[in-house]
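Peer 1: My questions will all concern the structure given below.
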Amino acid sequence: MRQALKLSLALTLFTAVLAFAQGNDFSKVQMKVTKIAGTVYMLEGAGGNIGASVGEDGIVVVDDEFAPLADKIKAALKGISDKPIRFVINTHYHGDHTGGNALFQSNSTPIIAQENVRKRLEKGGKAGNGGAMALDQPAGAKAALPVVTFDRDVTVHLNGEDIHAMFFPSGHTDGDSIVFFPQSNVVHMGDDFVTYGFPFVDINSGGSVEGIVKACEAVLAKVPADVKIIPGHGPISKPDDVRDFVKMITETRAVVEKNMKAGKSLEQMKKDKILEPWKKYSGDFISADAWIETIYNEETGKKDGKFMKHN
């Protein structure tokens with residue numbers, strides 16, 4: 001009974017991010033626009049953070065939140081510039097980052113994404129942490145599918161920027177792109193870096209804890225010390241924020257691995273509150289128990305319960 005209650009709560013919290021999809025609150029959403037540096041702005045509404053390069057050549061948008069917000073996003077961009085929206089880049093396939101695709105693309109704005117984003121949008125499926133925590137991701141309409149896809153990376157040359165979208169495999173999902181604005185010294189990390197606490201790793205969609213760590217470490221090695229970072233969710237951040245995020249993931253994963261080696265079950269680890277020292281990261285979306293389960297599911301391969309050690 002207790003476990004069922006925890007599962008019910010986890011599922012409720014998981015669906016909270018997409019509760020807006022029912023359309024109940026979109027009329028109340030207001031877009032917040034922040035100038036970051038150079039040509040780059042950040043827009044916040046409901047869903048994932050939006051990045052935008054705005055200049056004489058037009059506007060390049062990174063992610064587009066939920067479909068009912070498309071007109072508000074356009075209006076917010078119009079408040080910055082009357083230049084056309086030339087391209088939209090998706091960081092991954094989840095609906096809170098791609099919901100506006102069809103509406104933008106119907107206005108002759110091509111969607112660009114890593115090829116796995118198109119595949120997952122076309123097919124649909126269940127996003128989840130490899131266990132009972134799962135949420136339906138409906139297949140996207142044809143108009144929502146990216147029309148320009150890439151394998152490893154792609155660069156858009158506009159506004160004096162070499163806007164570089166680079167594929168980082170098996171992080172938040174198996175289709176993650178991190179987008180660099182080198183001239184403005186800004187990077188949009190999608191959901192490979194978030195500030196709400198323990199991250200959601202979509203193991204069902206090819207994501208992994210290991211992949212998120214590798215993506216963050218690769219970005220830190222690539223960017224200057226004073227770079228401005230747009231997280232998938234949360235306020236503008238600094239490299240030290242990403243380092244703290246990686247440290248938290250690495251330490252908590254090590255604790256779970258240690259307890260697994262000692263023979264503890266998933267339920268015993270939750271009962272023992274093995275992540276109590278990191279309780280500040282436990283949130284309404286991903287609780288400490290959900291994070292333990294995510295690491296456990298990755299380590300066991302979601303199949304036979306056999307412990308799998310990282311290289």
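Peer 1: How many residues are out of contact with any helix residue (DSSP H, G or I) (no Cβ under 7 Å at 6 or more places or on another chain), among the β-branched types (Val, Ile, Thr) and either within 21 Å of residue 164 (Cβ to Cβ) or surrounded by fewer than 23 Cβ atoms within 10 Å (Cβ to Cβ) (or both) if we restrict to region 64-107?
Peer 2: 2
Peer 1: Of everything in region 279-302 that's of a type in the set (A, V, I, L, M, F, W, C) and either farther than 13 Å from residue 253 by Cα or surrounded by fewer than 18 Cβ atoms within 10 Å (Cβ to Cβ) (or both), which residue is modelled with the highest pLDDT?
Peer 2: 286
Peer 1: Let me ask another. Among the residues of region 114-169 satisfying the criterion of being at pLDDT 95 or above and of a type in the set (S, T, N, Q), which is surrounded by the fewest Cβ atoms within 10 Å (Cβ to Cβ)?
Peer 2: 155
Peer 1: Still on this model: Just need a number here: residues in region 238-275 that are among the polar types (S, T, N, Q), within 27 Å of the chain's Cα centre (by Cα) and surrounded by 17 or more Cβ atoms within 10 Å (Cβ to Cβ).
Peer 2: 1
Peer 1: Does region 246-257 include one or more residues that are assigned to a loop (DSSP other than H, G, I, E, B), at pLDDT 95 or above and more than 13 Å from residue 197 (Cα to Cα)?
Peer 2: Among the residues of region 246-257, not one is assigned to a loop (DSSP other than H, G, I, E, B), at pLDDT 95 or above and more than 13 Å from residue 197 (Cα to Cα), which makes the answer no.
Peer 1: Just checking, how many residues over region 157-181 are under 16 Å from residue 112 (Cβ atoms) and hydroxyl-bearing (Ser, Thr, Tyr)?
Peer 2: Total satisfying the criteria: 1.
Peer 1: Condition check: in contact (Cβ under 8 Å) with a residue 60 or more places away in the chain, under 26 Å from residue 178 (Cβ atoms) and crowded, with 18+ Cβ neighbours inside 10 Å. Does residue 229 satisfy that?
Peer 2: no
Peer 1: Which one is nearest to residue 120 (Cα to Cα), of the residues in region 211-226 that are outside any helix (DSSP H, G or I) and either out of contact with any Pro (no Cβ under 9 Å at 6 or more places or on another chain) or free of Cβ contacts under 8 Å to residues at least 40 places away in the same chain (or both)?
Peer 2: Of everything passing the filter in region 211-226, 224 is nearest to residue 120 (Cα to Cα).
Peer 1: Right, next: Among helices (runs of 4 or more DSSP H) lying entirely in region 1-113, which contain 2 or more residues that are at pLDDT 95 or above?
Peer 2: 70-78, 95-98, 101-106
The values are calculated or read from the model by the stated rules, or taken from the named source; none is laboratory data. Computed from a prediction, not measured in an experiment: that's the story for all the values here. Virtual Cβ from ideal backbone geometry, glycine too; neighbours counted across all protein chains shown.
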